[in-house]
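Please read the structure below before turning to the comments.
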Amino acid sequence: MILVYIISFSVLITSGIFMTDVLFTADKKLEEVQQRFIQKTRSFHEKQNDQRGSITLMGASLTLIFSFLFMYLALKMKVELKEAHYRKDTYLCFQSLNVETQSYIDSMAKFNWALRSLYIAGLITPKAKAAFKAIKVARDVNHFLYLKNLLKNKYCKGINGPLSYLKNFPFKTIQAFFLQTNPDATTILRSPKWKTVVYKKPQGIREEKAFCLLTEFEAEGPLNPNLKIKTFEYAIKGFSKLKCLSGFL
């Protein structure tokens with residue numbers, strides 16, 4: 001009987017030890033499985049974070065690139081618009097001054113013809129003398145009106161053009177730009193050939209886009225000018241700059 005109890009107790013102890021070992025092994029394996037799961041989960045989150053970081057960095061880079069591109073295009077368009085206005089303003093002033101000058105020389109030739117014809121015919125009668133004086137007054141009015149149109153030309157604001165046309169005036173003048181005349185009151189050409197320049201100082205444009213416009217006038221005489229006009233455009237660089245400055249000398 002005692003032997004049976006001893007055997008039963010031994011079996012119970014052996015079973016307890018075996019179950020403890022099994023539970024310990026199972027717990028160890030479960031811990032290993034948990035560790036692997038944690039590592040895989042952590043690795044997955046790290047990859048997700050890396051991808052999100054890469055996407056964010058790429059998005060920021062593209063935004064920066066497009067911002068700089070937009071700013072460059074906007075600045076380029078602004079400069080090109082200024083260059084277009086620069087060219088338009090210079091040519092409008094140039095055309096206006098040349099048209100005014102051609103009209104002035106043609107009208108002065110007509111006055112010269114009238115004055116010389118009356119002078120040759122002889123200023124004998126009071127009517128002839130009055131007509132001669134009236135034509136002189138009209139000629140002088142026309143002369144000073146031309147000067148006014150040069151100095152206050154609406155197309156030449158901020159442009160160095162009128163100064164060149166005054167500096168290289170077609171007819172000889174005395175003080176205060178009064179005309180110097182022959183005994184028959186006809187005007188005297190300063191030179192059969194002269195040059196004028198229209199130049200606008202470049203501001204806010206590319207230097208290579210700056211230019212001047214030069215006009216070469218040629219007249220045969222004060223009565224029959226048969227005016228010839230040649231125009232040129234020169235870039236403001238190198239020796240071409242000297243050609244531009246020649247109109248102001």
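None of the figures in this text is laboratory data; all of them are computed from the coordinates on show. Every value quoted in this text rests on a predicted model; they were computed, and no experiment measured them. Quick reminder, even Gly has a Cβ in these numbers, built from the backbone with ideal geometry, and neighbours come from all protein chains shown.
So the values come out like this:
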item: The range 140-249: GluC sites (Glu not before Pro) in DSSP coil with no more than 12 other Cβ atoms inside 10 Å; result: Glu220
item: Residue (of Ala134, Val198, Phe94) at the positive-pole extreme of the range 79-248, dipole from beta-carbon charges; result: Ala134
item: Protection proxy ranking of 150-162, 189-201 - average other beta-carbon atoms within 10 Å, highest first; result: 189-201, 150-162
item: Whole-Å distance, taken between Cα centres, linking the range 145-166 and the range 188-226; result: 13 Å
item: Extended-chain gain in nm, criterion 0.36 nm per residue less alpha-carbon gap, Phe144 and Lys172; result: 8.7 nm
item: Spin-label proximity, Lys136 to the range 170-196 - amide N less than 17 Å from point 7 Å beyond Cα toward beta carbon; result: 173-175, 178-188
item: Value of relative contact order over the range 79-248, rounded to a whole percent, pairs C-alpha under 8 Å and six or more apart; result: 24 percent
item: Which of Leu150, Pro222, Asn112, positive extreme of dipole for the range 79-248 (C-beta unit charges); result: Leu150
